[in-house]
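A short worksheet on the structure shown next.
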């Protein structure tokens, strides 16, 4: 009996087969000393989202001055090797560039200046050896709270007689020019109803985004991100010259920073990465096609057929928004991806 018990104890202490280790491996946290090449980190994803938007802005510069080239090299270096000192240098240069434009710049420049300034302050307060996941969670949280305040403020400051009056508000113009782009031309009676409801609908939408982003529930926060992306899709597809696609792209990049854990999970999965790349390419092509068709339609009526030019900001927004929505959908389906500002 003693020999039997000893054999049983030995068998209980014996190592499991290697296949069991392979199954359990994903649940084991990676050691903090793992090299950067061990896998894509959440902070890398967040940094590269910021670098993507800044690179697109720099490509849009009319002239390549030494200053623009310096900023471009710094942003490219931060994208290739997203280490904190390189990102801090790129942030400093881009913040100085925005500061030199003030006060003669769009409101969105102030939004981005504050969000990016928050990241720079965070990087200066955190040592280069700080836990990268903790830094990513902190930035996602700071970014989410700032965006919540910005959208709520946008709704609040529209509560004035000029915006609420359809005769002086810009909201009816955006709604009524967007609908034909989406394939629906309202009758005069419907157009009048849209005209009267557009100001309140705009205020309600922006207020909802602000409240959802500030919610305690990860699901509600994700819903807020999706609602904001829907708002910016409408802004992007509004016919020129009333669209503001660069603004939409700037906000999309920073909205997705709050979803960096879900995006990182998607990018680590090869099959989902390929599938999402195809969806993003299709969305970019569709958004560009809609925008070009509408531009050509306007040109043909004015006798200037062929002057509609593809807006590559629209294509970039379509691809980025698709990436974000796909990551959020997978996170919701898996019941995870919510750590750190999800």
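The values are calculated or read from the model by the stated rules, or taken from the named source; none is laboratory data. Model, not experiment: these values are computed from the prediction. Glycine gets a Cβ as well: all are built from the backbone with ideal geometry, and neighbour counts include every protein chain shown.
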Quiz item: Here are some conditions: (1) at pLDDT 95 or above; (2) part of a helix (DSSP H, G or I); (3) farther than 14 Å from residue 257 by Cβ. Residue 225 meets all but one. Which one does it not meet?
Solution: (3)
Quiz item: Could we say that residue 209 is closer than 24 Å to residue 314 by Cβ, modelled with pLDDT of 95 or more and part of a helix (DSSP H, G or I) here?
Solution: yes
Self-check item: Elements of type helices (runs of 4 or more DSSP H) contained in the stretch 62-131, each with 3 or more residues being touching a strand residue (DSSP E or B) at 6+ places or on another chain (Cβ under 7 Å) and touching a residue at least 60 places away in the same chain (Cβ under 8 Å)
Solution: none
Practice problem: Out of 229, 176, report the one residue that is more than 30 Å from residue 330 (Cα to Cα) and touching a helix residue (DSSP H, G or I) at 6+ places or on another chain (Cβ under 8 Å). | Solution: 176
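Consider residue 53 carefully, then state whether it is modelled with pLDDT under 90, in contact with a helix residue (DSSP H, G or I) (Cβ under 9 Å, 6 or more places away or on another chain) and under 25 Å from residue 319 (Cβ atoms).
Considered against the rule, which asks whether it is modelled with pLDDT under 90, in contact with a helix residue (DSSP H, G or I) (Cβ under 9 Å, 6 or more places away or on another chain) and under 25 Å from residue 319 (Cβ atoms), residue 53 comes out as no.
Can we say residue 150 is in a helix (DSSP H, G or I), under 21 Å from the mean Cα position of the chain (by Cα) and surrounded by 13 or more Cβ atoms within 10 Å (Cβ to Cβ)? Full working, then the answer.
Working: in a helix (DSSP H, G or I): yes; under 21 Å from the mean Cα position of the chain (by Cα): yes; surrounded by 13 or more Cβ atoms within 10 Å (Cβ to Cβ): yes.
Yes: the conditions hold for residue 150.
Going by the structure shown, is residue 172 part of a loop (DSSP other than H, G, I, E, B) and either within 20 Å of the chain's Cα centre (by Cα) or crowded, with 16+ Cβ neighbours inside 10 Å (or both)? Step through it out loud before you land on a result.
Numbers: part of a loop (DSSP other than H, G, I, E, B): no; either within 20 Å of the chain's Cα centre (by Cα) or crowded, with 16+ Cβ neighbours inside 10 Å (or both): yes.
So residue 172 fails the test.
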Exercise. Please find, among 244, 329, 271, the residue that is at pLDDT below 80 and surrounded by fewer than 22 Cβ atoms within 10 Å (Cβ to Cβ).
Key: 271
Self-check item: Selected residue [more than 22 Å from the chain's Cα centre (by Cα) and either surrounded by 16 or more Cβ atoms within 10 Å (Cβ to Cβ) or within 26 Å of residue 224 (Cα to Cα) (or both)] from 126, 112
Solution: 126
Quiz item: Out of all the residues in the stretch 62-78, is one or more modelled with pLDDT under 95 and closer than 21 Å to residue 252 by Cα?
Solution: no
Quiz item: Taking the stretch 180-204 as the search range and keeping residues that are surrounded by 18 or more Cβ atoms within 10 Å (Cβ to Cβ) and touching a residue at least 40 places away in the same chain (Cβ under 8 Å), which one is farthest from the chain's Cα centre (by Cα)?
Solution: 199
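Within the stretch 61-77, is there a residue that is under 21 Å from residue 314 (Cβ atoms) and in contact with a helix residue (DSSP H, G or I) (Cβ under 9 Å, 6 or more places away or on another chain)?
Within the stretch 61-77, one or more residues are under 21 Å from residue 314 (Cβ atoms) and in contact with a helix residue (DSSP H, G or I) (Cβ under 9 Å, 6 or more places away or on another chain).
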Self-check item: Candidate set from the stretch 154-169 (those that are out of contact with any helix residue (DSSP H, G or I) (no Cβ under 9 Å at 6 or more places or on another chain) and part of a helix (DSSP H, G or I)); member that is surrounded by the most Cβ atoms within 10 Å (Cβ to Cβ)
Solution: 162
